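Read-outs throughout are calculated quantities, based only on the coordinates presented, and are distinct from any laboratory measurement. Treat the numbers as computed from the prediction; the structure is a model and nothing was measured. Methodologically, a virtual Cβ is constructed for each residue, glycine included, from the backbone with ideal geometry; neighbour enumeration extends over all protein chains shown.
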Amino acid sequence: MIFKYRPVTVITELQVPQGLELDAEQWAGYFQPLVHAEGHRGTVWGRSQKEPGIVLLVTLWDHPDELRNFQDSPCNQLFRESLLAINAIQVSYHEAFRRENWFSYLERSFVQLLWVYLPAAMTSEQKTQLSKFHGIHTPALGPSIPASQSRSTRTPHKIWATQTESWRSQEARLMLWAHFWRDEKAADFRFYTEDYITRQDKIEALFDVLVEAGALEWKEDFYQFHKVSHL
């Protein structure tokens, strides 16, 4: 048997009534058909800080084929019925190939996500502008300073959806720009001054990059993710 490994991440927004997660075991039970599927590597969930009625579900699979097998299986039907029973409605669905090990950092970080819709056909100048800016980086620590004192748990990462979609009558591709902060207080680093002449802060500088890259629209949100356990 040949083991196939081409990790793909599924990012799903669900509209879920607030408070259902307070009973941790019952909450985890709704996701058991998913987490026991063959090829499933892990699932985390987090409520949107900006829209508390939205839960973001992020699932890692070994290979797209195993994801497709699950989608065509009775287990997926059972999973969908489980969500419908609690009035959980899918709001958005995206897939992204995992090129770096960022998934494991979701659960141990306070995650800032920029949902950025970019033109599907970007100019070379726009691509260059976006590629040379890597996000909000925190200062490097000296060798005598423990990593636990860093404001971030890892470097920012751009997560690209595999498929384009129609966005306000224009073909677009979603890019999730993830920043992994140690905690909510550490995330305030984004308001530190980037340019002392213009008094522009770091998040404003990032927004300027998005404008220059031709972003059609973006939104900022924050999540504290939790692992879905096997029962």
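Placing +1 on the Cβ of every Lys and Arg and -1 on the Cβ of every Asp and Glu, with no other charges, gives region 8-101 a dipole of roughly 220 debye about its Cα centre. Put in line by how crowded their Cβ is, counting other Cβ atoms within 10 Å and starting with the fewest, Asp188, Asp201 read Asp188, Asp201. For Arg154, Arg190, Arg168, the sequence from fewest to most other C-beta atoms within 10 Å is Arg168, Arg154, Arg190.
Which value in nm describes the separation of the simple spin-label points at Ser131 and Gln77, placed 7 Å from the Cα toward the beta carbon? Those two pseudo-labels are separated by 4.6 nm. Checking every one of the GluC sites (Glu not before Pro) in region 14-120 against DSSP loop status and a limit of 12 other Cβ atoms within 10 Å picks out Glu38, Glu100. Taking chymotrypsin sites (Phe, Trp or Tyr not before Pro) across region 68-145, none is in a DSSP loop with at most 14 further Cβ atoms lying within 10 angstrom of its Cβ.
Secondary-structure-derived ellipticity at 222 nm for the chain, considering helices only, amounts to -6000 deg cm²/dmol, per-run term -39500 (n - 2.57) for DSSP H runs with n ≥ 4. Given +1 at the Cβ of Lys and Arg, -1 at the Cβ of Asp and Glu and no other charges, the dipole of the chain around its Cα centre is 520 debye to the nearest 20. List the lysines whose Cα sits under 20 Å from the Cα of Lys158, skipping any in the same chain fewer than 8 residues away. The qualifying lysines are Lys127, Lys132, Lys202, Lys219. Simple spin-label estimate for Asn69 and Asn101 gives 2.5 nm between the two label positions (7 Å along the Cα-to-Cβ direction from each Cα).
Of the residues Ile197, Gln77, Leu56, the one whose Cα sits farthest toward the positive end of the charge dipole of the chain, with +1 on the Cβ of Lys and Arg and -1 on the Cβ of Asp and Glu, is Ile197. Rounded, prolate or oblate: pick one for the chain, where a ≥ b ≥ c are the square roots of the eigenvalues of its C-alpha gyration tensor, a/c under 1.5 means rounded, and failing that, prolate if a/b is larger than b/c, else oblate. Prolate.
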